[in-house]
Amino acid sequence: GDTRKALEALGEVERSGRYPPLVLLEVTRYLRQLILLKEKKVREPRQAANVLWGARLPAPQSFLPALLEQSRRFRGRSLLKALQWAYETEIALRSSPPEDRIIMERFVLQLMKGLQSTTAEAARGGTL
């Protein structure tokens, strides 16, 4: 993960006028999908479709191979930590007077820092 690119993407989202809590909801859904695929040790797209459908987290068929690859790339603990950060960010967005941009930037920086270290570990053969 490239932190600079992630912050640029956040800037694009902000300029598009999208409501930050909804963007965060999409990221949270994505993290939940990755966690579920990792926990169930899903190996192929058809199985992924069934698992995600059963959890009421369906994804378009064309996205499934990439979701599977991404679920393998990260450690389970790191995904759970990222989900925790997402929930903390949601609470901050709902209850804080600071600017939404600052709260979302903090989330993106935590996410990138946490996931960068685990991608390297997963590449070396680390697991959950």
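When each of LEU37, LEU25, LEU10, LEU31 is tested for being open to solvent by 60 Å² or more (accessible area, probe 1.4 Å) and within 18 Å of the chain's Cα centre (by Cα), the lone residue that passes is LEU25.
Restricting the first member to the range 28-56 and to residues that are among the β-branched types (Val, Ile, Thr), and the second to residues that are open to solvent by 40 Å² or more (accessible area, probe 1.4 Å), the beta-carbon pairs closer than 9 Å and six or more apart or on different chains are THR28/TYR87; THR28/GLU90; ILE35/LEU80; VAL42/ASN50; VAL51/LYS40. A count restricted to the range 69-102 and to residues that are more than 25 Å from VAL13 (Cβ to Cβ) and buried (at least 18 other Cβ atoms within 10 Å of the Cβ) stands at 1.
The values are calculated or read from the model by the stated rules, or taken from the named source; none is laboratory data. Predicted model only: the values in this text are computed from it and were never measured. Heads up, the Cβs are rebuilt from the backbone with ideal geometry, glycines too, and the neighbour counts pull from every protein chain shown. Heavy atoms of the whole protein, side chains included, go into the accessibility calculation; ligands, DNA and RNA do not. Shrake-Rupley method; radii C 1.70, N 1.55, O 1.52, S 1.80 Å.
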